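Input: a single structure, listed below in structure tokens.
The values are calculated or read from the model by the stated rules, or taken from the named source; none is laboratory data. Computed from a predicted structure; not experimentally measured. Cβ sites come from the backbone with ideal geometry, for glycine too, and all protein chains shown count toward neighbours. Just the protein is used for accessible areas: all its heavy atoms, side chains included, with ligands, DNA and RNA removed. Shrake-Rupley method; radii C 1.70, N 1.55, O 1.52, S 1.80 Å.
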Amino acid sequence: MPSVTMPFDPLRRSEETELLVMNGRDRLYSKFRAAPYYGGIATADAIGCSFLCAYCWNYGRNEDPARFGKFYPPENVARKLLEIARKRSFSLFRVTGSEPILGEASFDHLVAVMESILNAEPRSNFILETNGLMLGYKKGLAQRLNFQRVIVRIAVKGVDPESFEKVTGARSEFFDYPLIALRTLRQVGVRAWLALMGDLFSEPQIGELKRTLKERGIDADLELEGLEAYPFVLENLRRRGIGIA
Ligand code: SF4
């Protein structure tokens, strides 16, 4: 799937990507590592996403996922992450660099990884980093995340439908899905917060997003993340006409 015409339907992209990055219960991963974020977290870098964000540090792999990585069953992913955490005395785990939930198969894989880890390390937490598309689209998935010690971080990508489309490459009407995801997770008792790439938006634009959240009755913390300004990221932003605020 290397050539991507924007704006695209992210649900269709999700489905197509899942076929490439899942093989039965196994998913494609490129790396397992100790990362400094959140004060230290055992991290698995998976491949494949429903969006293609201009600032994605994993852009090349997510653009053409079939060319990279190796398939791992959930038990092996959990084992590798547990080894890293025990060696570094970490109590946090995550999957990043991709969208962990592309459809049912990748969701089942993720849940199996989380269950294995949290059963083995009962005092740990799993931070589920997601773009919220599938959790907003298939609301029944949220209920299956309702086990203790999973905390969900939803990246909203834009402050409105237009900026969402520019950043993600996905059609503007899908802007709502991450917000629906947050509301649904809250309704079923799952802890969740929102994140936005703060470097791309001015204070008034961020204020606009906060107003939208308030109007929709969404009361959530909003984390502002910083851009990892690799040269290819700056070039992708320039090509999409996105400036740094
Ligand atoms: S949602 Fe995340 S993983 Fe997917 S393209 Fe955007 S930044 Fe990359």
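Need one word for the range 86-180: rounded, prolate or oblate. Basis is the Cα gyration tensor (sqrt eigenvalues a ≥ b ≥ c); a/c below 1.5 gives rounded, then a/b vs b/c decides. If you can, show how the numbers build up before the last one.
Working: a/c = 2.60, a/b = 1.91, b/c = 1.36.
It is prolate, given that a/c is not under 1.5 and a/b is the larger ratio.
Counting alpha carbon pairs within less than 8 Å and at least 6 residues apart, what relative contact order, in whole percent, applies to the chain?
On the way: 471 pairs, mean separation 46.3, N = 245.
About 19 percent, as a whole number.
Compute the separation of the alpha-carbon centres of the range 120-189 and the range 22-98 and state it in Å as a whole number.
Taking the Cα centre of each part, the range 120-189 and the range 22-98 sit 18 Å apart.
What does the convex hull of the Cα atoms of the range 157-241 come to per residue, in Å³, rounded to a whole number? List each step's numbers first, then the result.
Values: hull volume 8.5 nm³, N = 85.
It is 100 Å³ per residue.
How much area per residue is accessible in the range 195-245 when the probe is 1.4 Å and only protein heavy atoms are counted (Å²)? Intermediate values should be presented prior to the final figure.
On the way: 3160 Å² over 51 residues.
Dividing the accessible area of the range 195-245 by its residue count gives 62 Å².
For the range 85-202, what does the relative contact order come out to in percent, with C-alpha contacts under 8 Å and a separation of six or more? Walk me through the numbers before you get to the answer.
Details: 176 pairs, mean separation 28.9, N = 118.
It comes to 24 percent, rounded to a whole number.
Counting only protein heavy atoms, what percent of the accessible surface of the chain is carbon or sulfur at a 1.4 Å probe?
48 percent
Reachable aspartates and glutamates from LYS139, Cα under 16 Å, same-chain residues fewer than 8 places away excluded?
Those aspartates and glutamates meeting the cut-off are GLU104, ASP108, ASP176.
Given 5 Å bins starting at zero, what is the percent of C-alpha pairs of the range 152-207 in each, up to the one with the largest pair distance?
P(r) over the range 152-207, rounded to whole percents: 4, 19, 27, 23, 17, 8, 1.
In Å, what Rg and Dmax follow from the Cα atoms of the range 20-69?
Spelled out, the Cα radius of gyration and Dmax of the range 20-69 are 12.0, 34 Å.
Among the listed pairs LYS157/LYS210; LYS80/LYS157; LYS31/LYS138, give every one whose C-alpha distance is greater than 21 Å.
Values: LYS157/LYS210 13 Å; LYS80/LYS157 30 Å; LYS31/LYS138 29 Å.
Violating the 21 Å limit, Cα to Cα: LYS80/LYS157; LYS31/LYS138.
Please compute, over every Cα-Cα pair in the chain, the percentage with a separation greater than 33 angstrom.
Values: 3684 of 29890 pairs.
Roughly 12 percent, once rounded to a whole number.
So how long is each side of the range 56-141 along the principal axes, counting just the alpha-carbon atoms, biggest first, in Å?
Principal-axis extents of the Cα atoms in the range 56-141, largest first: 34, 31, 21 Å.
Using the Cβ atoms and a cut-off under 15 Å, what net charge is assigned to the surroundings of PHE107, where Lys and Arg are +1 and Asp and Glu are -1?
Values: positive: ARG25, ARG27, LYS138, LYS139, ARG144; negative: GLU15, GLU18, ASP26, GLU99, GLU104, ASP108, GLU115, GLU129.
Every neighbour counted, the sum reads -3.
Give the ranking of PHE71, PHE164 by solvent-accessible surface, highest area first, calculated with a 1.4 Å probe. Before the final figure, lay out each step's value.
Details: PHE71 75, PHE164 0 Å².
Listed by decreasing accessible area, they come as PHE71, PHE164.
Accessible area per residue for the range 62-128 in Å², computed with a 1.4 Å probe and the full protein assembly in place, what is it? Show your work: numbers first, answer last.
Values: 2900 Å² over 67 residues.
Heavy-atom SASA per residue in the range 62-128 reads 43 Å².
Can you list the residues, at least 5 places off or on another chain, whose amide H is less than 5 Å from the amide H of LEU227, using H built in the peptide plane?
Answer set, sorted by chain and number: ASP199.
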